[in-house]
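Each value in this text was obtained by applying a stated rule to the coordinates, not by laboratory testing. Predicted, not measured: the structure shown is a model, and the values here were computed from it. Note that we place each Cβ from the backbone using ideal geometry, even for glycine, and neighbour counts take in every protein chain shown.
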Amino acid sequence: MCVYDRAGLGWSEPNLTQPRTSHQSVEELHTLLTKAGVKPPYLLVGHSSGGANMRLYASQYSADGWAWC
């Protein structure tokens, strides 16, 4: 399991880009998973706008193998 805080939230680094976009969040998540060595397939779970981000991730990185709920 991998849980993370998006930029500027929780224990993450400050949010230096305003306003944030879903595309930025998805790209940052992909970078995080790649650099951390977390191998697909992924089970993506998001709440509220995070759910939309997970759907965007799934569409952009469909070759990784994924499921979302």
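Computed values, structure above
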read-out	value
Label point distance in nm, residue 13-residue 47, each placed 7 Å from Cα along Cα→Cβ	2.6 nm
In Hz, Karplus ³J(HN,Hα) per residue of segment 51-64 (6.51, -1.76, 1.60; θ = phi - 60°; x = Gly, Pro)	x, 5, 5, 5, 5, 5, 4, 4, 6, 6, 10, 4, 5, 5
Inter-label distance, nm, simple model (7 Å from Cα along the C-beta direction), residue 31/residue 5	1.8 nm
Cα-only Debye scattering, the chain: base-10 log of I(q)/I(0) at q = 0.17, 0.18, 0.20, 0.26 Å⁻¹	-0.60, -0.68, -0.84, -1.40
